Amino acid sequence: MTAASLLSPDLIRTRFSQAMSAMYRQEVPQYGTLLELVAEVNAGQPGFSRDSAERLDLERHGAIRVGTAAELATLHRLFAVMGMQPVGYYDLSVAGVPVHSTAFRPVAPAALQINPFRVFTSLLRLELIEDAELRQLAEKVLHERRIFTPGALELIERAEAQGGLTDAEAAAFVQEALETFRWHREANVDANLYQRLHDAHRLIADVVCFKGPHINHLTPRTLDIDAVQARMPARGIAPKETIEGPPRRQCPILLRQTSFKALEEPILFKGEVQGSHTARFGEIEQRGIALTPAGRQRYDELLQEVRQRSKAAGSDYATVLAEVFQALPDNWDELRRQGLAWFRYRAVAGSQAASDSRDPDALIAAGQLLADPITYEDFLPVSAAGIFQSNLGAGSQQEYQSGGNRAAFEAALGAPVLDEMALYERQQQESLDTALAALGRPA
Ligand code: OOG
Ligand code: NI
C-alpha cells in the first residue's frame, strides 16, 4: 500500500457527512425542507469572514449519545479515520442532563476550510441514575449491544494499520459507519424497562433502549438565523421560541442556534408491543467569531445577567438580551484591540512595511496588514442545554449535584480532549508569523 493510493481523510469526511445528510433527509423529511430554506436565505447574504461558499453549502453538525466507555473509545477511532479529533469538554449535568460531551471535528485550518463537519458526542453518566437496580439493568442492556458493524471495525483497523484507506475501502467504510447512526424502529428492551428508564430521565431511555446511537439532529449553517426562523412556520416547521446564544449583531460572535421540536416516532418494544419515542429533531445555527478566554468570560457573565434580569415579571427575553449585550463592542477592530476575539492575519499583497514595526496595530493602520475573523468551530454548553431541554419536554428538568468529571470522560475516551482555545491561539499566531515574514520582518 503506497501513501499515494490512500484517500485524504478530508474527502472521507465529506463523503460521510453527505451520506449522513441523505440518510437523515429520508428519516426526517422536515430536515430536507430546512436545508432548502437555509440554502434560499444564504443565497441572498453577504458572507461572514473568509469561509468559502462551498464550505457553507457542505457545513453541518450532528449529535449522538452513547452509553459506554467502549462505545466512546471506538467512536474516537472511527472519527479519526475522517480526520476528526475530540475537542473540548462539556459538562451538561449542571443543566439537568445526565451526560458529558465532546465535539469530534477537524482541527487544521485547511481541513476546516474543506469541510468542518462536527459531531457533538455525549456519553451517558450511568452513575447519575440513583436507583441501583435500574442502573444495573441499563448497564446490562448497554453491554450486550454492538453498535458497530464487523465491517466498520475491520476497516477502522485497516485504516490504522495502513495510515488511511483507499478509494474503494473508503466507500465501504462510509456505508458501514452509516449503520451505527441509523434509526431503528425496534427497541432493545420491553415496554416496562423503557418506561422505568424514561421516568428516571427521558434521555436515559433514548441512549439505552435502542440498537445504536441514532443521529438525533443534523444542523445546517445559515448566515441569517433570524430570517430562517421567521420563515419556518410558512414551510410547516414550528421553531422553538427563543434563539439560543448571543443576540443579532453587526459582528456576529460565537454561535446562535434554534431548533424545531422532536418528532414522535412509532417504535416496537420487545414482545411486539407498540409504542412511540421522541428524540429526533432539526436545528439551524449561525456562526460568528471565536472569542478569546477574556471574551468568553465576558460572554458568560453577560448571559448570566440576561438570565437573571429576564426572570423579572413582564420582561421580554429578546429585549433584555439585546440591552445587556450592548456592553460588548460590536466592531471588529475593537474586539481585536481589546483582545476579546481571535483573528487571522494576512499581509497586503505588494506592500512594503514603511517602518520596521512588528506591531499588528501599527501595520494595520499603515494598510499593510489585514485581520479576518476566525470562525467559532465549537459549541456552547448553555445553548446545548437549552436545545436538549426544548426536546425533552417540560417537567424533565432535574437536579444533579455531581458537577463535571472530565477525567472520567477522558478515561472513557482513551485520550485527552484537545483545548479549543489553544487551537484558535495557534491559528492566530501562525497567521501573524506568516504575514510578518511576507512583509520582510520574520521573528
Ligand atoms: C446534543 C445537543 C447539543 C448543540 O448544537 O448544542 C447540540 C444532543 O441533543 O444530543 O447539538
Ligand atoms: Ni446541535
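Here are the numbers for this structure:
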| item | result |
| --- | --- |
| Cα centroid separation - the stretch 243-275 against the stretch 130-153, whole Å | 25 |
| Long-range HN-HN contacts of Glu283 with modeled amide H, under 5 Å | Leu218, Phe260 |
| Length released on extending from Gln308 to Arg248, taking residue separation times 0.36 nm less the Cα-Cα span | 19.6 nm |
| HN-Hα J in Hz across the stretch 236-245 - Karplus 6.51, -1.76, 1.60, θ = phi - 60°, x for Gly and Pro | x, 10, 9, x, 5, 5, 10, 7, 6, x |
| Packing rank of 242-249, 164-171, 269-276, where each peptide gets the mean count of other beta carbons within 10 Å, highest leading | 242-249, 164-171, 269-276 |
| Linear extension gain, Ala322 paired with Ala294, 0.36 nm per residue minus alpha-carbon span | 8.0 nm |
| For Ile267, distant residues with modelled amide H under 5 Å away | Gly275, Ser276, His277 |
| Bridge type composition, the chain - antiparallel percent by DSSP, nearest 5 | 75 |
| Counted charge near Lys240, where neighbours are those whose Cβ lies closer than 10 Å (Asp, Glu -1; Lys, Arg +1) | -2 |
| Between 0 and 90°, nearest 10: helix 420-438 axis offset from the chain longest Cα axis | 30 |
| Label point distance in nm, Arg135-Ala437, each placed 7 Å from Cα along Cα→Cβ | 5.4 |
| Prolate/oblate/rounded label for the stretch 216-286 (Cα gyration tensor, a/c 1.5) | prolate |
| Normalised alpha carbon radius of gyration of the stretch 179-321 [divisor 2.2 N^0.38 Å] | 1.32 |
| Those trypsin sites (Lys or Arg not before Pro) in the stretch 49-117 that DSSP places in a loop and that have at most 16 other beta carbons within 10 Å | Arg50 |
| Under the Debye formula (equal points on every Cα, no solvent term), log10 I(q)/I(0) of the stretch 291-330 at q = 0.14, 0.27, 0.28 Å⁻¹ | -0.31, -0.88, -0.92 |
| Principal semi-axes in Å for the chain [√(5λ), Cα gyration tensor, largest first] | 38, 28, 20 |
| 3J(HN,Hα) from dihedral phi, the stretch 192-200, Karplus parametrisation 6.51/-1.76/1.60, rounded to Hz, x for glycine, proline | 5, 5, 3, 5, 5, 5, 4, 5, 5 |
| Rough spin-label spacing in nm, given labels placed 7 Å along Cα→Cβ, for Arg358 and Glu301 | 3.2 |
| Accessible solvent surface per residue of the stretch 291-330, calculated while the other protein chains remain in place, 1.4 angstrom probe, Å² | 58 |
| Amide H within-cut-off set for Arg65, under 5 Å, with H built and near neighbours excluded | Ser122 |
| Relative contact order of the chain, pairs being alpha-carbon contacts under 8 Å that are 6 or more residues apart, as % | 20 |
| When each of Lys211/Lys261; Lys140/Lys311; Lys140/Lys240 is checked by Cα-Cα distance, pairs over 31 Å | Lys140/Lys311; Lys140/Lys240 |
| Helix axis angle, 132-144 relative to the chain longest principal axis, alpha carbon, degrees | 80 |
| Rounded to whole Hz, the Karplus (6.51, -1.76, 1.60) HN-Hα couplings of the stretch 381-388, x for glycine and proline | x, 5, 5, 4, 4, x, 5, 3 |
| Extension gain from Ala22 to Gln195, taking 0.36 nm per residue of separation minus the Cα-Cα distance | 59.1 nm |
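The values are calculated or read from the model by the stated rules, or taken from the named source; none is laboratory data. The structure presented is a predicted model; accordingly, all values stated were derived computationally and were not measured. FYI the Cβ positions are ideal-geometry reconstructions off the backbone, even for glycines, and counts take in every protein chain you see. Accessible surface areas use protein heavy atoms only, side chains included; no ligands, DNA or RNA. Shrake-Rupley method; radii C 1.70, N 1.55, O 1.52, S 1.80 Å.
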